[in-house]
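Some notes on the structure that comes next.
The values are calculated or read from the model by the stated rules, or taken from the named source; none is laboratory data. These numbers were taken from a predicted model, which means no experiment stands behind them. Cβ: placed from backbone, ideal geometry, glycine included. Neighbour counts: every protein chain shown. Ligands, DNA and RNA are excluded from the accessible area calculation, which covers all protein heavy atoms including side chains. Shrake-Rupley method; radii C 1.70, N 1.55, O 1.52, S 1.80 Å.
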Amino acid sequence: MSLAKRYDPQVFESQIERRWREKRVYHFDAASERPIYSIDTPPPTVSGHLHLGHAFSYSHTDFIARFWRMRGYNVYYPMGFDDNGLPTERLVELREGVRADEIGRRAFIERCLALSDEIEAEYEGLFRRLGLSVDWRYRYRTISGDSRRLAQWSFLDLYRRGFVYRREAPVIWCPTCHTAIAQADVDDLERESNFHTIAFRLEDGETLPIATTRPELLPACVAIFVHPDDPRAPHLIGRHVTVPIFGQQVPIIADTAADPHKGTGIVMCCTFGDTADVEWWYKHALPLVEAISPDGRMTEFAGPFAGLSTDRARSDIVSVLRERQYLLGQQSTRQTVRVHERCDTAVEFVVSRQWFVSMLPHRQSLLEAGDNVQWRPAHMQARYEQWVDNLGWDWCISRQRYFGVTFPLWYCDDCDEIILAAEDALPVDPTESAPPHPCGNCGGISFTPETDVMDTWATSALTPQIAGRIFTDPLLYEKVFPYSLRPQAHEIIRTWAFYTIAKSQYHFDAVPWQNVAISGWGLAPEGATKISKSRGGGPLGFLAAIERYSADAVRYWAASTGFGRDSVIDERKIQSGAKLVTKLWNVARFSERFLDHAQSAEPPEQLSPADRWLLSRTQRLIQRVTLLFEGYDYATAKAEIELFFWTEFADNYLELAKKRLYDGGEAGRGAQATLRLGLLTTLKLFAPFLPYVTEAIFQGLLDTDSSIHNSEWPQVQERLIDDDAEAVGRMLIEIATSVRRYKSESNLSLGAELARLHLTTADPEYAIRLREAAPDIVSVTRAREVTVNAHDDPALIWIGGSDGLGILLVP
């Protein structure tokens, strides 16, 4: 088999990907005794089209998987799809223009399932095209029967262990999605706002100025707070004020949580504007006035403003305050607003009955669990610890939605007792089936099913068990758990990483993985903003980039940024990857004619200084790249392989050895053996990054069906490491560089011959080596004559001229 004249990635990549499937190149061998490297792969949410940010982060995982596979590990690399919950519901609502309350729960669920099937097939096709070395036999869905069974088992187990409880309480609520959400589902969004300074009246008619950004909450004002150390506090504590427009009288209370430096330093407490209001409400047993409904509109407590949206109510209330001369002033400000991460809607706080997983009492054990995982990069552990340290709420896991994992329980209509489903009946949908027995408390037989579904993270936090098939293949699970690696993005440390660690601790008293590797974001060039499936995929599409440049070129861009760092989508960087692919192919085509004569893996006895230099540098590279990969620093590994390939192998060694390669003979055999070892080593080191072109070259050069990705990672041959040879090699590069510079400055082509090249070095040993290297120096410089002099007198040097060039060499 010979290499084609031109490498067309669109042709070759499709053919190679098909051969990988046919040859089962990436199959995990459950019966093998080899050490296992298992990956808890992030299942992408079914919420839109994949974009280059996914190519970026999923390539990172693949670099690591391919490295360990070539190191001889039995790599377990599954792939899942997170297709239950709010993200998929929102996608169906947007794409198909339907809502569950319009077409019914079951019909809506069927729509969600159908769209998930379609999108997951698209995702798989794109991931295959990117060259991910996933074993697709272990594909899973978080909405499958097995996943729902596991999520419901988890709920029952946590309930029996006392980690789960239900209560009526203020919860974070999204008015757009009409559901309770967890603290981890909330982002901060900065926006322009106004501080409105409003005149409240004390009993004696004195004005008390209070500033707020949310005057629409005036009807829900239940108290006023001042800091006890505020100089005004003694005069105010214990008194009452009248709330303007709405007329209720509320007490003034001292609390150290009141910030005397914010606004006027006097704070109104409303039920509820933020978490501080919730905390004060609990602490001081304040009354509850719910002025905002779950759909984000004002309730009857807002009087004439009832039924208005919060934005409209804010505007109208400010107008009335101004008319009645209660508005003392307005000042623009930058305000941080808490929004639902899925839709950017400002959240509210609504009192409702929800299910919670206990987190706050277990913070210390969760911190200790995080400390037992190797974070890559290490500073990402601080994000996990900051999240745990600053937890303010237990995990609310119930959602008032439709497409998700149902809670396996019913409520007795007679006594409100909870009846749990039997474990052997899981998964169950309580809205479509009856409980397993009468009420154990009162004997009742009339029940109301729980209609809420679980937070999607309640299932995703079990991906180690889902991917490991804990119930259906327990022997597999024992082999792969705890996993070697959890790769994921940094913004979901607070959700996916945290919840997975928590569930693993609660259920199994174990950490779920040995390493967690955190990828950054792929950023759109304009404004360096994050791209997402649901909000826009950036300037260049996933498949468009592959079709324009190649999968290898896209992976090259992804490999240029290490774990923990964001990367702007840079088309020039992708173009550089395409150029590297072409250069690799051209170097391989040049080399092909010389490799049939050097089938032995052992270099012959007769080697030139250039051969010994390249062989030593190759061993150093193997040593360095292996250590970098073991430390999860693939980006530096890629950079150093590429530097070696361009500056040492392609630009210099090939030019040095070219004459001997063409001349043949004993000297030529040394060059051929060195070329073979150097090229095959370079291909194998590049293989995790550029899987397609390295496969095409490997199979073409060796005339084999075997995959480079199942070949052995290069091993360091210590006997080939030679410090002196490397010093001579640096000298040879200096000679080549000096001659190229001279020709360029003299307006000569690089192929122009020189009459003579005179080399001077003060070290007699180097002079001997340079004389040995004379044929290679002739090859790279096109000098008809090369002379070497061991002398430290610069007067003996030719600086240049029609008869030759002299170079002083300092070792």
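Some notes on this structure:
- Among the residues examined, residue 151 does not qualify as surrounded by fewer than 20 Cβ atoms within 10 Å (Cβ to Cβ) and either modelled with pLDDT of 95 or more or more than 28 Å from the chain's Cα centre (by Cα) (or both).
- Filtering the stretch 714-728 to residues that are among the β-branched types (Val, Ile, Thr) and more than 16 Å from residue 653 (Cα to Cα) leaves 716, 721.
The rows are residues; the columns are (1) surrounded by fewer than 20 Cβ atoms within 10 Å (Cβ to Cβ); (2) in contact (Cβ under 8 Å) with a residue 40 or more places away in the chain; (3) β-branched (Val, Ile, Thr); (4) in contact with an Asp or Glu (Cβ under 7 Å, 6 or more places away or on another chain).
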{"residue": "316", "(1), (2), (3), (4)": "yes, no, no, no"}
{"residue": "320", "(1), (2), (3), (4)": "yes, yes, yes, no"}
{"residue": "329", "(1), (2), (3), (4)": "yes, yes, no, no"}
{"residue": "357", "(1), (2), (3), (4)": "no, yes, yes, yes"}
{"residue": "416", "(1), (2), (3), (4)": "yes, no, no, no"}
{"residue": "432", "(1), (2), (3), (4)": "yes, no, no, no"}
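- Of all residues in the stretch 65-116, exactly one satisfies the criterion of being assigned to a loop (DSSP other than H, G, I, E, B), among the basic types (Lys, Arg) and closer than 25 Å to residue 180 by Cβ, namely 99.
Let's see how each residue does on (1) in a helix (DSSP H, G or I); (2) out of contact with any Gly (no Cβ under 9 Å at 6 or more places or on another chain); (3) acidic (Asp, Glu); (4) farther than 21 Å from residue 51 by Cβ:
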residue: 137; (1), (2), (3), (4): yes, yes, no, yes
residue: 149; (1), (2), (3), (4): yes, yes, no, yes
residue: 157; (1), (2), (3), (4): yes, yes, yes, yes
residue: 169; (1), (2), (3), (4): no, yes, no, yes
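- Put simply, of 188, 204, 230, 259 the only residue that is of a type in the set (D, E, K, R), at negative phi and open to solvent by less than 40 Å² (accessible area, probe 1.4 Å) is 230.
- Some residue of the stretch 64-74 being surrounded by fewer than 24 Cβ atoms within 10 Å (Cβ to Cβ), among the small types (Gly, Ala, Ser) and at pLDDT 95 or above: yes
- Qualifying residues in the stretch 22-50 (those that are surrounded by fewer than 18 Cβ atoms within 10 Å (Cβ to Cβ) and touching a helix residue (DSSP H, G or I) at 6+ places or on another chain (Cβ under 8 Å)) - the one nearest to residue 111 (Cα to Cα): 49
- Residue match in the stretch 339-354 (condition: within 28 Å of residue 394 (Cα to Cα), open to solvent by 60 Å² or more (accessible area, probe 1.4 Å) and of a type in the set (Val, Ile, Thr)): no
- Among residues of the stretch 717-736 that are modelled with pLDDT of 90 or more and assigned to a helix (DSSP H, G or I), those with a beta-carbon under 7 Å from a residue that is open to solvent by 10 Å² or more (accessible area, probe 1.4 Å) and among the acidic types (Asp, Glu) at least six positions away or on a different chain give the pairs 736/655.
- When the stretch 495-527 is filtered for residues that are open to solvent by 20 Å² or more (accessible area, probe 1.4 Å), modelled with pLDDT of 95 or more and charged (D, E, K, R), only 509 remains.
- Matching entry among 749, 711, 779 (being touching a helix residue (DSSP H, G or I) at 6+ places or on another chain (Cβ under 8 Å), open to solvent by 60 Å² or more (accessible area, probe 1.4 Å) and at pLDDT 90 or above): 749
- Yes/no for residue 683 being over 17 Å from residue 68 (Cβ atoms), in a helix (DSSP H, G or I) and within 28 Å of the chain's Cα centre (by Cα): yes
- Single residue of the stretch 721-743 satisfying the filter (in contact with a strand residue (DSSP E or B) (Cβ under 9 Å, 6 or more places away or on another chain) and open to solvent by less than 20 Å² (accessible area, probe 1.4 Å)) that is farthest from residue 767 (Cα to Cα): 743
- Residue match in the stretch 689-696 (condition: part of a helix (DSSP H, G or I) and without any contact (Cβ under 8 Å) to a residue 40 or more places away in the chain): no
- Test: residue in the stretch 441-449 that is β-branched (Val, Ile, Thr), in a strand (DSSP E or B) and touching a residue at least 12 places away in the same chain (Cβ under 8 Å): yes
- Checking the stated criteria, residue 636 turns out not to satisfy the condition of being open to solvent by less than 20 Å² (accessible area, probe 1.4 Å), outside any loop (DSSP other than H, G, I, E, B) and modelled with pLDDT of 95 or more.
- Applying the condition of being under 21 Å from the mean Cα position of the chain (by Cα) and modelled with pLDDT under 90 to the stretch 85-111 and asking which residue is surrounded by the fewest Cβ atoms within 10 Å (Cβ to Cβ) yields 87.
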